[in-house]
Each structure stands twice: as structure tokens, then as C-alpha cells.
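Enquirer: Once you've had a glance at the structure underneath, I'll fire off some questions.
FYI, it's all coordinate maths here, none of it is from the lab. Because the structure is predicted, anything quoted here is derived from the model rather than measured. Note that we place each Cβ from the backbone using ideal geometry, even for glycine, and neighbour counts take in every protein chain shown.
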There are 2 protein chains.
Amino acid sequence: MHLSRDTPQVNGSTDYGKNVVEGLQKEEKLEQASVQKLSEEQDHVLKTFRLLIADLCQQFNGGHPGGAIGMAAIGVALWKYVMRYAPHTPTYFNRDRFVLSNGHTCLFQYTFLHLTGYKAMTLDQLKSYHSDRVDALCPGHPEIEHEGIEVTTGPLGQGIANAVGLAMASKNLQATYNKPDLDVISNHTWCMIGDACLQEGVGLEAISFAGHLKLNNLTVIYDNNQVTCDGSVDLTNTEDVNTKMAACGWDVIDIEDGCFDIEGLVEALNKARASTEKPTFINVHTVIGLGSAVAGDAVAHGAAFGTSDVANMKKAYGFNSEEHFVISEKVREFFGDIPARGQELVQAWEKKVQEYETKYPEEGAELRQRIEGRLPENWKELIPTSFPDAPTATRKSSGLVFNPIAEKIKNFMVGTADLSPSVNMIWKGKVDFQNPGLKTTCGITGNYSGRYIHYGVREHAMCAVSNGLAAFAPNTFIPVTSSFFMFYLYAAPAVRMGALQHLQVIHAATHDSIGMGEDGPTHQPIELANLYRAMPNLLYIRPADSEETAGAWITAIDAKNTPTIISTSRHTLPQLKQTRRDLVAKGAYVVEEVEDADVTLIGVGAELSHALEAAQELKAKKIKARVVSFPCQRLFEAQSTEYKRDTLRRHRGIPAVVIEPYAPNGWERYADAAACIKRFGHSLPGKAAYKYFGFDVPALTAKVESYLQQLRDDPLLKGEFVDL
Amino acid sequence: MHLSRDTPQVNGSTDYGKNVVEGLQKEEKLEQASVQKLSEEQDHVLKTFRLLIADLCQQFNGGHPGGAIGMAAIGVALWKYVMRYAPHTPTYFNRDRFVLSNGHTCLFQYTFLHLTGYKAMTLDQLKSYHSDRVDALCPGHPEIEHEGIEVTTGPLGQGIANAVGLAMASKNLQATYNKPDLDVISNHTWCMIGDACLQEGVGLEAISFAGHLKLNNLTVIYDNNQVTCDGSVDLTNTEDVNTKMAACGWDVIDIEDGCFDIEGLVEALNKARASTEKPTFINVHTVIGLGSAVAGDAVAHGAAFGTSDVANMKKAYGFNSEEHFVISEKVREFFGDIPARGQELVQAWEKKVQEYETKYPEEGAELRQRIEGRLPENWKELIPTSFPDAPTATRKSSGLVFNPIAEKIKNFMVGTADLSPSVNMIWKGKVDFQNPGLKTTCGITGNYSGRYIHYGVREHAMCAVSNGLAAFAPNTFIPVTSSFFMFYLYAAPAVRMGALQHLQVIHAATHDSIGMGEDGPTHQPIELANLYRAMPNLLYIRPADSEETAGAWITAIDAKNTPTIISTSRHTLPQLKQTRRDLVAKGAYVVEEVEDADVTLIGVGAELSHALEAAQELKAKKIKARVVSFPCQRLFEAQSTEYKRDTLRRHRGIPAVVIEPYAPNGWERYADAAACIKRFGHSLPGKAAYKYFGFDVPALTAKVESYLQQLRDDPLLKGEFVDL
């Protein structure tokens, strides 16, 4: 182990990478030099592990063997000697969290789950990797649904940001609940990464942010094998990674002989856990596919080695080349003490919590509630029952509705991607989540019990970190993010991962629709809602006024397994008499009914008032228009056929026209024609933008009139969708 | 000017930021100390500029004054003393490129465009900022459509990646065409950034990549005012940025007194242009909103100062507080020589090109063709006229179609986000675009005339850099990117910017549909096509076999002002007899016609063969199914009503069922029912995944049968969309 706290000279930066790789090429020499450090037992465990990985990929001739094999010693150091966890109580609250950010090496984690005694991960299940078993616990990337997996990973860079969130969650709980005599929360977060997580933007954002926060309870372990799909990493990355990490505020430790130096790894990992100041980056130099014929080569990454190579590996390791999936009694013994050790941890912790509850009954009750993922029962009462009549931007309504909840209920961690003045998420007396040693130039301080997070202009990391906060334990935290809606395109891969993992994260997205104005087409979301309306397990809600904004927040907070985007306006909107918070949960509802209607106008979010005004105008022209408010497609889809038909009345032959300055794609399910937009926006003040695109009331009225005339003129149009 | 090529000690990293900001707070002292360096004329120009910005924001009481004001001296250094450009020939091919990555400070650029004599940017136009003029040249962020603007910016971090692309374009042209005696291409790329571009992931990816490539013709100028919307930057970022940049392979220069030190700035900028080894990062310490009452404060960022503050600024500067938009004759004179200077550059260059054409006729002709953005006329002949009968993955078809084109035609720069072995974009004898000094561990070398780009696992930067390549000059380059389709979600903000800017970029996206298999739900795109089908000015094409893949590439290469995603399969697909490359451009076409059909099956991309097989199966059950291939919705939308009706025949009462394992949203326009997916995918081998989700032929046949029965049973279903 070599502690490189001193930064290497920058002039030497490219040589640095070169040296690493040249070192790796001396693999055989390394192997001879290193094995002596290992006990015979450890050596046997490493060999067994590597052969298991080779066999698991060989059985269906696919998968990612190389990384997992190269990381074997890291895994032994972690699971045998360092991590605090309990295989027989996988959800033990104070467990260390482990994130495999290089998720394609999932066999690494699956195999250690098996060896350390996780009950679900039987040998039979372990062998399900790449099989056609529908109930397999070994999908191609780790999935949160399965025992022992903290977060779903795969898209690179996400895991490291999740790990930052997991570490922030611990920090916040520690600062909120721990007492000098009782540290009920004390876990550490470990994150394994590969070369790619240091290239992906979301990873780089998270690294910079974690360094700023001085998350000393976070350790990133870099499987530095200098190999990616295209070849050696220096094809595309020759930066001096240690210096870069140090510049970002991380302690840096090098492990030169990462394939064998279990002792050095354990020492480094323990040092990282003991860090009092900074997160730790352990740069572990490994060899991809060690021991195989393709060791150190890119082809070791994503393909099985072939039967003869696997057989040769076995022979070289002194194993029987005819036997597969061999786990000797010695290996079983090596890991045998872990379940019991884990149960001891669990029992000691439970005792500690009980003591805490006795000594600190009020905080104890709250902590218990948090552990169980419950909110105070009366949370809905914190929401105003009515709102002032004055026209209000729904981004302000969001604040009116949610700030009192955020103030009182500690489950909520609320962050913004540098848009505090715009998104209205600051509550009275908010405290920032910050390293308590920080004193900013602008005079703001904070501490780790703070719950307002300045993520910086890092939308992607904000949402990925929030997934980590949410994944700490079900609903112990309900993270809230905020930015302009358009910039949730930057964050989309993380929003998706939240939906896929059934994590309750609430995204307060403001400045939706062209009504946001002058910032122009780069900031005007035309097609983004189409993504989020199609994304499984995500609620995209556009409330029309304060009342519907209340409904949107209630729906979002009630959605325990689903993330929500609450999409609000920059500009003021009238408070409508007809809106109902309780009906937002239905997705759509009638706000103006007319018998023998000629047309239904569907108004959405900021443009519902346009629909209501257009209906009034149409009345003067003897056209009877009913109006439906339609804040959320997915919620509406979940309603009964009867409710849906009653709401839209298309089955009675009444054509429906949707009014929304977004791309129409998908509205065809609910409407017959669209006053929508099929091009990018335009930089104009909000009202002028509405007029420019034909969303002012005279233009809308004319469009509807003309459409009804067209329908009379061309019978074929009935049954076809018309863009107005 | 202080050259800090030596890295500061890492231990001092947080102090570094602190010192900067403390320095900024000493603004007044700085002002006194600095003004002496300025000539009286320069001082007057800076004051005029700052007051112009204040007035321009004040007139409509909005906009972003602070940054532009802080950057005044940088602008004078660039436009007056350093940049090579021609206001009266704005598209002069060898001009320096300037990118305003902090696009919200657009007034900075607009005002210099006006002052330096760009004809379109009249004073009247300059005053259109934040007005409701529909034909304004001063939108809220710079837009490529307008004279003197190289790229549209606004979403932070994009511009710096675009600048990397612009610099790569120059490098490639230089290496391809320059001769020892004739350097026809010699321009430099200048990129202005703010704090945010150093926080956004895409910026960090681009920085790391540019350092690797040693783009010495690129200079990034950091407007280091340490202020963002939420307050001081140290609220969220306390990293040592200079050390980080140096670790990424950049030369670093500090300018301590960036508000006034024009001389130091010019020296630094010239030094940057002269760099022979690395890109240069100039860290310019400035004061946001200098001279206003809110100087150095976050509120200076995004709001007008108020009339009295603006009046006070004028008084303090010795200007008449009653006069607005004052540009004295002295200021006009200061910038007066620039248009003529520019025309001299243009003439000298044109002469040089003529000389080149005479001396090197073959290369000269090619260069001329490139300058004019033309392809060799016979490019289509490079595509195979037919393909082998063997089932072929369309990702392989992509290679068969496009590799010969990429090999022969130098307009194409082809990159991959570390998926060379998967995306089939490598042509025979390809040379990598690399710094010629690089020799990678895996033995690959390259040079700047190379046209294959290893972007690393940086999907977002890949697409943003490609926008820069495309923006160099219309169609001089046609960049091609490649990755798994799912990871175009990471790149989506850049893909969007390409569509918005009408840049021809071709994205070769592989592994579409659940057929990609074991990698599981994190890699299976369910809802991503919904985004791209809704995105204006983007073609999302899913070809069904090699023949349609040929059609997709032809369409993409023909689309001079539109980016295209060609979305292909990982798994092998049968070569269908009925497909036609020439009809892909229609978006959809009939592949199997039946008279008196009972149903139309719409097959899309990888699943067209499922539709054809299901139609066969249905025939056995006496159900007559016609089949439509539907590779691209946007192309189909552009067809005549008659063509659309003839293709779908819904107007004849034939229900249409779409078959595609994506979210159905949007198909409602063309179909009556969907065999689609409304949940996330599942990790299973491709065939098993198809079966699991009901896309095998027996399941599809049963769905269609059952739907036709439902239609008979419930007449209301006609006119409603049904998920099968």
C-alpha cells in the first residue's frame, strides 16, 4: 500500500498512466511477488472465486468475466475483513452500504453474496446468470429488488452518485439522531467503480460534490485495470486521476498490487473508514481477467473465455479442469463465520436503539418512524386548505403547499440545481446540508443535519444522488429535487433509474411550457413531457393552479414506490374556481360540463385557463364546449373504463381537442385534435410566445371552430387525429 | 498575468477558492489599482460597454446583466486585439470561432457584434433583447441562425463541448489539407465559460477529452466571478479548479484582475494561441455586475439593476445619467478598423486557397468541395446494391452500408462512446483521430487527420462535440456518433441541441428493443423512442433489415439540416423480401397487401419480421392481415394525406395494430391497438425476453385475434385505443 496524499507533479501526469499500465503488463512477475503475502487459505479463496466467475460466464457463453476476476482480492478484503453487514438480516438498518457502480461486473457481487451466506443467493440461483430463468436473482446488472443489492446499477456513473446519496443519508441521520453516548447510525458507504465512472459526466459531478461536502463516510474503490471495450483506457483518457481526485477534495490511496495485496487493501479500507475529513479514493491497480489467456486485454471485458482457456486456468491453479462451480469446504469455512458475525451486529444495534428510545423517547419515536419509513400521520394538515385569490405562478404554489411540510417533516431532503431564487423550495428557517466547517463567501453556513441541498449546476448528479438518498431505506428519506423542467433532460437517466427502482423521489420542475418566455427555445420544453409520460412508473403532473398543485404534492407524497415530476409554471396563473385537489389523483376530471356539448376542450396545467376562456368565447359563437382538466396521463390511465369514458365522452361522439404547447404525441389516445406544437419554441416574453404560437384565446377559439367545420366537411377526418 | 503552470499544493485547495473571493471583495481597491493600466480610450470603452449592458437590461426590466459586465475587458481583449474574424464576411471559413458557453450572458456577444460592425446587429436590433419583436436577433441565448453566432448555447456545459468539436474540426482540416508552405486552415477556437460549465457533467467530460487530444488550438476563458444563482460558488464547489484542469492536461493561466487587465488578457490569449502542446485554460478573476450596487452579488446575475442604480453607475462613470444606449464617436473609432482588417484577412485567405488549388489541384478540389459542404456526387454508389441472404443484425447492416462511405468520404468523422466492438462503425484501414504523439498501451496510434474518434464512455460529450464538428461550417463535416440506443438518453440534451440548430449529425444507435437481452432493464429502451419521435427536427429511424438500413443511411445523409438516429438491433434479423430502401424516406409503406383485409399489422424495425410472421399465422386462422413497415414517424407525417390513408387504410374501417416493444404513446395516431410495453424490461436472453413480453408469434397472433373479437363484442372500442 502506498499512501499518495502528496500530489504527483502535473508534468508527470501522462507518464503516470503509462507506468500503471506497464506495471500491469508485468502481471506474471506481480503474481509471483505477491502470492507470498497471501495465506494459503486466501490464495485458495481467490482462485476459487476467479474460477467460479469463469465458469459462470462459460456456461451460457456470455457475460462479463474480466472485471469481476480482477477485483477478487478487493472483494475478499471488503466482505471478509472490512464491511459491516448481516447476510441473514439483509436490511439491517445500520449496515454498510455497498454499491457496484461498474454494474456489468455483477457476478463479483452475486458471488460474494453467495459465499457470505445470503439465503436467497443459492448456488442454483448464482448459476442463473445469463440463463432464461424468469425468476433469476442474477440479472445482467444488479437490481435493487434482490436481497443484498442496495441500488440497481448498469448505466455507468449512476452508482457513484447513488453512493454519494447513501453517504449523505447516513451523515444526515447521524447529525440528527446520534448522541455523544449513543451513535445509532455509524455505517460506511463503499462504492466500486471502473474506468468509465471516472469518464461519465454524472460521475464527475458527484465526485466534485462529495469532495465539497467532505463526506468522510464514503469510499470509492477504483478497479484500475486500464481496459475498456475499445482497448486500453489511454485511447481516450490520459488524465492524472489521482491529482484530479485530490483537487476535488478527496484523500487518495494507491494500491499497486490490487490482485493480491489483501493486507494492503484491508489497511487502506480501514484507513478510509477512519477518515475524519474527506471521502477516500482508493486507486487499486488490477489486471482484468487475471489468470486467463486474455488477461489485461479488452476482450476479457465482455465475453466468456472459452472452454479451453477456462480449463487451462483451472490446471494452472491446481484445480480439476473437468469440474465446474467448485467451492471447497475450505472456502465455505473461510466465509462461514460471517452470518453469525452479522447477527451479532444486528443484535447489538437493536439493543442500542432500544436504549436510545428509553433515554431519548421523543427523538427515539421519531427515529423509529424514520426507520419504518413512515410520515407523521397528520402531514396533509400542513397544506393550506385554501389559497389567496390572486393569480399565482404554480412554482409559487408549490412553495405554498410544500414548504410547511419540508419545514416540519425530517424525511424530506430538498435540493436544487442552483435555482433557489426560481423554484421556491426554501422554507422558513431552512438549514443547508453542508460540512459544518464550511463558511461560504456569501455568509451561509450549514451542517449535516441540514436538509436543504445546494447541488450546484449539476442536475444529473442531483437526481442520481437523490436516488441514493431514497435507496438508503424505504421512505426514510423522501428526496426532493428542483430545477427548470427543461433541465430534467440532463437528469433523465437518473430520473429513469429512480422509476425503475421504485424510489420515491419528487422532482419540482418549474418553468414548464413556452410561457416561461424570453430564455427561448433552449429552455422551452416542447418534447420532454413525451419522455416522462411514456416512462414507466413515473408520474408527470402538470397542475393548473394552487389547488391542483396541492393535489399534485399529495399524490406525489402518497406515491411510496413511484417518483413524481411536479411540473409548474414560471408565470402567474389565475386561481380557478373549478379545480379540485382531490381529483388530481384521477389524472383528469371534468371542470366544466355542458349537456349536448359540441366539443370537449382538454386543458393541461398552465394552459387549463386558456381552455376555460376559449370555452367561454365559443359559447358566444353558439358552440357548446365542455372542459376537462388533465394534469396526469398515467393517473388517468389507471382509472376504470367507465370513469375514462364519462370524463372524455368521446364515446358519445363528442370530439376532444387538447390544448398544450408541447408535442402532441400521445394525446391521440384521449383527443381527436391538438392545439399543440410540433417545432421548437421561440425567445419572446411569455404572453408574446403564447400569441406567436396561437395559444391566445382568439387563436384557440378560431382553431376549434375551424376544426369542427373541417369535421363536417370531411367525414374521413373523424377517426383521424388532426393537428390544429 | 500570472502563469501558474506549477500546480498549487493540494492542501491549499480550499484556501485557493477563498482567496479568490476575498480578492473579489476588494473590488474598489482593484479598480483604482487597475485603471492605470488602461489607456483612457480603453477605460472609456469598458465604461460604455458596461452601461450599454445595464441599459439593455433595464429597458424591459429583465435579462442577465452581471456576467456580461464582468466580462467587458475579456471582450475587448478578444474582439479588438486577438480574434481573427471578419464582421462583413461573417462566414469567412478560416475565422476564429467564438463560443459563449455561458449563453445567458448573450448581451456580451451581441454588444461586441454591434460594436465591431456586424451589419445585421444594428443598434435597433441590439435593443430587441427581451422585447416582443418576433424577428429579434437578440434572443435570450445566442442562436446559430443569426450572423456572428457560431453555436446556440444556453443549457450549460454544451458550449464548451461544442468548442472542443470546433477545435477538432480545425485540427482535422489542418492535418488533412495544410502543406508546409500553405496553411489554408489556421484558425483558433475561443470558448467563454462561467462557473456552471465547470460543474456540468458534459463540460467535465469535454474538458477531460480535450486534454487527452492535446487540442492546442482551443482556449477556454473562465469568467471566474465565483457567483451563481444560489449565492457564492463555494456553497457547492470548493475544488481546486486550476489543479484539476492541469491534471486533465491543460495549460493554466491566471488573470488576477480580469475586469481591467486588458494587457494581461491579451498576453494570455496570445500565449494560448501560440501553445504547441495543450489546450489552454485562462482563469480570469472578475466581478459580476462590476460598478453596480450589487457588484459581486448573486442578484447581479439574472435581474436588471433598477433605474436608480443604473443612473448612479452612469454618474460614477462620468456619463449623463439621463442618456441611454450612448456610444460615443471615440468608441466607434476604437472598433472602427475591425471590418477592414477582417476583409484583409478574408482576401489573404482567398488568395491562399487559390494558390493551393493551383499547386495541389486534387486536394484543392476536395478542399473546395468540403468548404462548400458538398459530398462527392456518387456517394450512393458506395452502398451495396444487395445484401447476403443470411440473417443479419441491423447493427451489422449499418456497417455494411456505411463503412464504405466512411472509408472514402472525408466529410465523415465517426466516433463511438467506447463501443467499437459492438457498433460496427470501423472501416477497413480507419485511422484514429488522436494527437500524433500518443502511443497507447494497446498499440493503437493515430493522428489529427484520422477520422475515427474514441470518445470514451462520454456519450453526452460525444454528441455535444459532434454538434461542434457539424457547426464548423455547413456540412463540411458530417459527424457520426455511436453507442447503445439506451445511452442516447445520457446524450439527449446534446442531441436536442443538434436538432434545434439544424445540424446534420448521424447517431448510429444499436441494441434497440428488448431483443438486446441479458443486459436487462437498465439497457432496454422502452420509452426513449417517445422522446425522439416527439423531438422537433429529428429523424428517428428503425430499419427492419439490411435493405431498410440502407434506406435509413441514405435518408440520414440526404438530410442536410436534420440530425438522424438510426436505431438498430443487436440480434440477427431475417432479410425480408418485401423491404425497400427507397421507401424508407416515406416513413412507412405497405410490405404485404391483402384485399378485404381484417386488420393491418404495423411492424417496426426489429419487429417487422414478427408482424410478417404473425400475418402468416393469422391467415391460417382465416384472418386477413396486411402488413405495413413503419421505420420513421416523422418522415411519414410529411407525406400527403392521400399517401397516409392509402398506407394505413384505417379510413376503410380496417383496424391497425402496432407491434413494437416500446411504450405505445404516440402510436395512437396511426393505430387502433398496440402490442407494446408499458413497463420496464427484464434481463433475459433476447428470444426469451420477446417471449416473456408476448412478442413471439403465437402470443402476437392470439392478441390480434382477441382484439378483433373484442371489437365485435364492444362497439365502443372502435374509436378507443386498446393496449393488447
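Enquirer: Would you mind listing the distances between the B:P376 label point and the same position in each other copy? Use 7 Å along Cα-to-C-beta, nm, one decimal, shortest first.
Expert: In nanometres, ordered from closest: 7.5.
Enquirer: I would also like to ask the following. Per DSSP H run of n ≥ 4, the term is -39500 (n - 2.57); total these for the protein assembly as shown, divide by its residue number, and report the mean residue ellipticity at 222 nm rounded to 500 deg cm²/dmol.
Expert: Details: 52 runs with 562 residues, N = 1448.
Counting only the DSSP helices, I get -11500 deg cm²/dmol.
Enquirer: To one decimal in nm, how far is A:Q616 from the same spot in the other copies, if labels go 7 Å from Cα toward Cβ? Please give the shortest first.
Expert: For A:Q616, the inter-copy label distances come out at 6.3 nm.
Enquirer: For the protein assembly as shown, build the charge dipole from Cβ charges (+1 Lys, Arg; -1 Asp, Glu) around the Cα centre, then report which of A:I602, A:T111, A:V82 sits farthest towards its positive end.
Expert: A:I602
Enquirer: Here is a follow-up. Computed FRET efficiency, Cβ-Cβ of A:K380 and A:D337, R0 45 Å: what is it to the nearest 0.05?
Expert: Calculated transfer efficiency: 0.40.
Enquirer: Apply the Karplus curve 6.51 cos²θ - 1.76 cosθ + 1.60, θ = phi - 60°, to the phi angles in the range B:664-669 and return the couplings in whole Hz, x for Gly and Pro.
Expert: x, 3, x, 5, 4, 5
Enquirer: Just the number, please: percent antiparallel of the DSSP beta bridges in chain B, rounded to the nearest 5.
Expert: 15
Enquirer: Quick one: in the range B:582-723, what % of C-alpha pairs are over 22 Å apart? Walk me through the numbers on the way to the answer.
Expert: Working: 3430 of 10011 pairs.
So the pairs more than 22 Å apart make up 34 percent of the total in the range B:582-723.
Enquirer: Could you tell me what a quarter of the Cα convex hull surface of the range A:379-573 works out to, in nm² with one decimal place?
Expert: 10.6
Enquirer: I would also like to ask the following. Under a point-charge model restricted to the Cβ atoms of Lys and Arg (+1) and Asp and Glu (-1), what is the dipole moment magnitude of the range A:584-723 relative to its Cα centre, in debye to the nearest 20?
Expert: 120
Enquirer: If you don't mind, there's one more thing I want to ask. Compute from the Cα atoms of the range B:241-298 the Rg and the Dmax, the latter being the longest Cα-Cα distance, and quote both in angstrom.
Expert: Rg then Dmax for the range B:241-298, in Å: 13.5, 43.
Enquirer: Further question on the same structure: In the range A:159-183, which residues have a backbone nitrogen under 13 Å from the label point lying 7 Å from A:T276's Cα in the Cα-to-Cβ direction?
Expert: none
Enquirer: On C-alpha positions alone, give me the angle between the axis of helix B:106-115 and the longest principal axis of chain B, in degrees, nearest 10.
Expert: 60
Enquirer: How crowded by other chains is B:514-524, given as the mean number of beta carbons from other chains within 10 Å of each beta carbon? Walk me through the numbers before you get to the answer.
Expert: Values: counts 0, 0, 1, 4, 11, 8, 11, 11, 17, 6, 1.
Partner Cβ neighbours, averaged per residue: 6.
Enquirer: Let's test the formula: R0 of 30 Å, r as the Cβ-Cβ distance of B:Q709 and A:Q578. What FRET efficiency results, to the nearest 0.05? Write down the numbers at each step before the final one.
Expert: Values: r = 40 Å, r/R0 = 1.35.
The computed FRET efficiency comes out at 0.15.
Enquirer: Exactly which GluC sites (Glu not before Pro) in the range A:228-323 are in a DSSP loop and have at most 13 other Cβ atoms within 10 Å?
Expert: Counting only loop positions with at most 13 other Cβ atoms within 10 Å, the GluC sites (Glu not before Pro) in the range A:228-323 are A:E277, A:E322, A:E323.
Enquirer: Continuing with the same structure: Quick one: putting +1 on the C-beta of Lys and Arg, -1 on the C-beta of Asp and Glu, what dipole do you get for chain A around its Cα centre, in Debye to the nearest 20?
Expert: Value, rounded to 20: 1980 debye.
Enquirer: With each label point set 7 Å from Cα along the Cα-Cβ vector, what nm distance links B:K408 and A:E323?
Expert: Calculated label separation equals 6.0 nm.
Enquirer: For the protein assembly as shown, build the charge dipole from Cβ charges (+1 Lys, Arg; -1 Asp, Glu) around the Cα centre, then report which of A:P384, B:N403, B:I53 sits farthest towards its positive end.
Expert: A:P384
Enquirer: Amide H to amide H under 5 Å from A:N447: which residues, 5+ apart in sequence or cross-chain, H placed 1.01 Å off N in plane?
Expert: A:D432, A:Q434
Enquirer: Turning to a different aspect of this structure: What whole-number distance in Å separates the alpha-carbon centres of the range B:598-642 and the range A:422-445?
Expert: 57
Enquirer: I've got another one for you. Just the Cα atoms of the range B:272-391, one point each, no solvent: what log10 I(q)/I(0) does Debye give at q = 0.09, 0.17, 0.20, 0.22 Å⁻¹?
Expert: -0.68, -1.08, -1.19, -1.23
Enquirer: Starting from 0.36 nm per residue, how many nanometres of slack lie between A:R679 and A:K352 once their C-alpha separation is accounted for?
Expert: Numbers: separation 327, 0.36 × 327 = 117.72 nm, distance 6.06 nm.
Once the chain is fully extended between A:R679 and A:K352, it gains 111.7 nm.
Enquirer: Under 25 Å between C-alpha atoms is the cut-off here; go through the range A:379-573 and count lysine pairs that meet it, provided they're at least eight residues apart or on different chains.
Expert: 21
Enquirer: What value in Å³ per residue do you get for the convex hull of the alpha-carbon atoms in the range B:409-501?
Expert: 99
Enquirer: For B:G318, go 7 angstrom from Cα along the Cα-to-Cβ vector, then report the distances to that same point in the other copies in nm, smallest first.
Expert: 8.9
Enquirer: Check the axis relating chain A to chain B and name the residue of A whose C-beta is nearest, distance in whole Å.
Expert: Per the Cβ-to-axis criterion, the result reads A:G201, 1.
Enquirer: Any chance you could give the angle, 0 to 90 degrees and rounded to 10, that helix B:13-25 forms with the longest Cα principal axis of chain B?
Expert: Taking Cα atoms only, the helix is inclined about 60 degrees.
Enquirer: Give me the Debye-computed log₁₀ of I(q)/I(0) at q = 0.08, 0.11 Å⁻¹ for the range A:2-341, equal point scatterers on Cα only, no solvent, two decimals.
Expert: Summing over Cα pairs of the range A:2-341 leads to -0.34, -0.67.
Enquirer: Using modelled backbone amide H atoms (1.01 Å from N, in-plane), which distant-in-sequence or interchain residues come within less than 5 Å of B:A663's amide H?
Expert: For B:A663, the qualifying residues are B:E527, B:I677.
Enquirer: Taking only the alpha carbons of chain A, what extent do you get along each of the three principal axes, in Å, biggest first?
Expert: 93, 61, 52
Enquirer: What value in Å³ per residue do you get for the convex hull of the alpha-carbon atoms in the protein assembly as shown?
Expert: Dividing the Cα hull volume of the protein assembly as shown by its residues yields 168 Å³.
Enquirer: Given H placed on each backbone N at 1.01 Å, which residues far from B:L539 in sequence or on other chains put an amide H within less than 5 Å of it?
Expert: Result for B:L539 returns B:T564, B:I565.
Enquirer: Taking Cα centroids, how far is the range B:294-311 from the range A:381-402 in Å?
Expert: 29
Enquirer: In sequence order, what are the phi-derived ³J(HN,Hα) couplings for the range B:672-688 according to the Karplus relation 6.51 cos²θ - 1.76 cosθ + 1.60 with θ = phi - 60°, rounded to whole Hz, with x for glycine and proline?
Expert: 9, 8, 10, 9, 10, 10, 10, 9, 6, x, 8, 6, 8, x, x, 4, 5
Enquirer: If the only charges are +1 at each Lys and Arg Cβ and -1 at each Asp and Glu Cβ, what is the size of the charge dipole of the protein assembly as shown around the Cα centre, to the nearest 20 debye?
Expert: Numbers: 140 positive and 174 negative charges, 419 e Å.
Charge dipole, the protein assembly as shown, about its Cα centre: 2020 debye, nearest 20.
Enquirer: Once label points are set 7 Å from the Cα along Cα→Cβ at both B:L716 and B:K330, what is their separation, rounded to one decimal in nm?
Expert: If labels sit at B:L716 and B:K330, their model points lie 8.1 nm apart.
Enquirer: Taking the range B:355-458, which trypsin sites (Lys or Arg not before Pro) meet the DSSP loop condition and have no more than 11 other C-beta atoms within 10 Å? Walk me through the numbers before you get to the answer.
Expert: Details: sites: B:K359, B:R368, B:R370, B:R374, B:K380, B:R395, B:K396, B:K408, B:K410, B:K428, B:K430, B:K439, B:R451, B:R458; in loops: B:R374, B:K410, B:K428, B:K430, B:K439, B:R451, B:R458.
Those that pass, being in a loop and sparsely packed, are B:K428.
Enquirer: Could you tell me what percent of the DSSP beta bridges with both partners in the protein assembly as shown are antiparallel, to the nearest 5?
Expert: 15
Enquirer: B:A120 to B:D389: extension gain in nm, 0.36 nm per residue of separation minus the Cα-Cα distance?
Expert: 91.1 nm
Enquirer: On to the next question. What whole-number distance in Å separates the alpha-carbon centres of the range A:644-715 and the range A:490-540?
Expert: The range A:644-715 and the range A:490-540 have Cα centres spaced 22 Å from each other.
Enquirer: What is the local net charge at B:V45, summed over the other residues whose Cβ is closer than 9 Å to its Cβ (Lys, Arg +1; Asp, Glu -1)?
Expert: Counting the neighbours of B:V45, the net charge comes to +1.
Enquirer: Moving on. Determine the percent antiparallel among the DSSP beta bridges restricted to the range B:582-723, to the nearest 5. It would help to have the intermediate numbers written out before the result.
Expert: On the way: 3 of 17 bridges.
Just about 20 percent of them are antiparallel.
Enquirer: If you fit an axis through the alpha-carbon atoms of helix B:40-59 and take the longest principal axis of the Cα set of chain B, what angle between them do you get, 0 to 90°, nearest 10?
Expert: On a 0 to 90 degree scale, this one is about 50.
Enquirer: Taking each residue of B:415-421 in turn, how many C-beta atoms of other protein chains fall within 10 Å of its C-beta, and what is the average?
Expert: Per-residue shielding by partner chains comes out at 6.
Enquirer: With the dipole of the range B:236-367 worked out from charges on the C-beta (+1 for Lys and Arg, -1 for Asp and Glu) around the Cα centre, which of B:N242, B:A268, B:G336 lies farthest toward the positive end?
Expert: So the residue furthest toward the plus end is B:G336.
Enquirer: Where the Cα atoms of the range A:583-665 are projected onto their three principal axes, how long is each span, largest first, in whole Å?
Expert: For the range A:583-665, the Cα extents along the three principal axes come out at 36, 27, 23 Å.
Enquirer: Loop only per DSSP, at most 16 neighbouring Cβ atoms within 10 Å: give me the GluC sites (Glu not before Pro) in the range B:547-646, ordered by residue number. Present the calculation step by step, with values, prior to reporting the outcome.
Expert: Details: sites: B:E547, B:E548, B:E592, B:E593, B:E595, B:E607, B:E613, B:E617, B:E637, B:E642; in loops: B:E593, B:E595.
Here the GluC sites (Glu not before Pro) that fit, given the DSSP loop and packing criteria, are B:E593, B:E595.
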